[in-house]
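Asks: Got a structure for you, questions after.
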Amino acid sequence: MKLYKFEKSHEMFKKAFNVIPSGIYGHQGPSEGCYIPNNVFPMFSEHAKGSKFWDLDGNEFIDYMCGYGPNVLGYCDPDVDAAALEQLKKENCVTIPSAKMVEFAELLVDTVACADWAFFAKNGGDVTSLAVMTARAATRRKKIVFFNGYYHGVAPWTQKLDYPGILEEEVANNIYVDFNDYPALEKVFTEYKGEIAGLIATPYMHGNFVDNFFPDEGYWQKVRKLCDDHGVVLIIDDVRAGFRLDLAGSDHFFGFKADLICFCKALANGYNVSALCGRESLKDAVSSLTYTGSYWMSAVPFAAGIACINKMKALDTPAMFDKLGRELTDGFVKAGKEHGFDLVVSGAPSLFYLRTANDDSLMLHQQWVAECVQRGIFITSHHNHFINASLTHEEINRSIEIAEDAFKAVRKNNPDA
């Protein structure tokens, strides 16, 4: 296969580096070390449609990062974009909110199993922060329990003491335990009895640089009872997995009920809105907080969100994603075996994580990812991936062909691996 070149993209990065910190900041850029080597990854896109995007050099990519999650129906989905445009012609960011906000909240309450209300913001981190504040306001307690390997955004309370810019007092009330280790969690609740405001967790562990894994059988049910017994608010961060496992929420998928649940990525197919949903018993607590933003009540994302959720329901996207994800990853695994590589797939098929198990250093896996990107599928080395509703069987077959050719190249470069 012909390998892509990225001259225009990297020339633009040089310009970006002069006027933007790091050129491209965050995990989407090269500064965090996941583009290895940097010169075989595109840096800037030019347009996108369906399951694909095109970079500045005109290279076409079947995209399994989906904008790191927001692309749930397909880039430029016609139904979502039409709803957004119709709303834009009427109003968007106005002094008082559009009634679209009420319509969107009603839809979420009708859709999400644990939701009696919905509060809107813009980013996932906005609503995870709001959830923690709500737990503290409701309980008048300080401490928050986290599971090791967590990611709940980039606010100071989500980070670690040795991170630049983080103060000791910002993380002093954080408690850390391992996921699925119920005895350790029970011990923590006993040790800090009457001090814990909330427990925040993703529905299963979909962290970076590690195989993803599900809760043990009955684990969440025991955690739910433990939180009830100790008066602790149970918060589910469904920003990443939300609506991809279950349209009623990932807590519903695993058979329990959260007190608060956070949504963002799949909520509106790329239009900027997030939501905290919760139980009636916490409605007064969240109402008591001073928490808002300049664009949090803009109407266009509400209209997009309504169209997105309704279309996901019509398509039954969780079942679709599960089927497509299995088809794709089964093909990837078979392609690896053709050349003597053991590709491990973990997590939910709709949010699959990949690791080439032949090399503990992960260098072989990074090589394979780089070879895939140069041939036209966009994946990353150490993050879970996403399925979207516009993905076709033809695109899956093409992706498997690319993956096989990439494994062939890695074998050629590493004959003894």
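Asks: For the chain, what does the accessible surface come to per residue with a 1.4 Å probe? Please give it in Å².
Replies: Per residue, the chain has 44 Å² of solvent-accessible surface.
Asks: Tell me the carbon and sulfur percent of the accessible area for the chain, rounded to whole percent, probe radius 1.4 Å.
Replies: 52
Asks: Roll a 1.4 Å probe over the protein heavy atoms and report the accessible area of residue 101 in Å², nearest 10.
Replies: 50
Asks: Taking the Cβ of residue 302 as the center, what net charge do the other residues with Cβ under 13 Å away carry, scoring Lys and Arg +1 and Asp and Glu -1?
Replies: Local charge sum for residue 302: -1.
Asks: Output the peptides 381-391, 37-47, 286-296 sorted from most to least packed, where packing is the average of other Cβ atoms within 10 Å over each peptide's residues.
Replies: 381-391, 37-47, 286-296
Asks: How many nm separate the modelled label positions at residue 172 and residue 228, each set 7 Å beyond the Cα in the direction of the Cβ?
Replies: That separation, rounded to one decimal, is 3.5 nm.
Asks: Using only Cα atoms, locate the centre of the range 17-90 and the centre of the range 155-228, then give the distance between them in Å, rounded to an integer.
Replies: The range 17-90 and the range 155-228 have Cα centres spaced 32 Å from each other.
Asks: If you fit an axis through the alpha-carbon atoms of helix 100-111 and take the longest principal axis of the Cα set of the chain, what angle between them do you get, 0 to 90°, nearest 10?
Replies: With rounding to tens, the tilt is 90 degrees.
Asks: If you don't mind, another one. Give the accessible area for residue 247 in Å² (nearest 10); use a 1.4 Å probe, count only protein heavy atoms, and leave out ligands, DNA and RNA.
Replies: Approximately 30 Å² of residue 247 is accessible to the 1.4 Å probe.
Asks: Something else about it: What's the local net charge at residue 68, with K and R +1, D and E -1, over the other residues with C-beta under 9 Å away?
Replies: +2
Asks: Moving on to the next point. With a cap of 14 neighbouring Cβ atoms within 10 Å, and only residues DSSP puts in a loop, list the GluC sites (Glu not before Pro) found in the range 186-279.
Replies: When the GluC sites (Glu not before Pro) of the range 186-279 are filtered for loop state and at most 14 Cβ neighbours within 10 Å, 217 remain.
Asks: Order 321, 213, most accessible first, counting only protein heavy atoms with a 1.4 angstrom probe.
Replies: 213, 321
Asks: With a 1.4 Å probe and all protein chains kept in place, how much accessible area does residue 393 have, in Å² rounded to the nearest 10?
Replies: Approximately 90 Å² for this residue.
Asks: Rank 262, 93, 34 by accessible area, highest first, at a 1.4 Å probe radius?
Replies: Ranked list, largest accessible area first: 93, 34, 262.
Asks: Run the reach check for residue 142 against lysines, Cα to Cα strictly under 26 Å, same-chain hits fewer than 8 apart removed. What comes back?
Replies: Residue 142 reaches 122, 160, 187, 193, 222, 225, 257, 283.
Asks: I need the GluC sites (Glu not before Pro) found in the range 71-169, filtered to DSSP loop residues with at most 14 other beta carbons within 10 Å of theirs.
Replies: Those that pass, being in a loop and sparsely packed, are 91.
Asks: Using a 1.4 angstrom probe on the protein heavy atoms only, could you order 407, 209, 253 from most to least accessible area?
Replies: So, going from the largest accessible area down, we get 209, 253, 407.
Asks: Trypsin sites (Lys or Arg not before Pro) within the range 54-116: which are DSSP loop residues with at most 13 other Cβ atoms inside 10 Å?
Replies: Here no loop site has a sparse enough neighbourhood.
The values are calculated or read from the model by the stated rules, or taken from the named source; none is laboratory data. These figures come from a predicted structure and were not determined experimentally. Reconstructed Cβ throughout: ideal geometry from the backbone, glycine too, with neighbour counts over all protein chains shown. All accessible areas refer to the heavy atoms of the entire protein, side chains included, with ligands and DNA or RNA removed. Shrake-Rupley method; radii C 1.70, N 1.55, O 1.52, S 1.80 Å.
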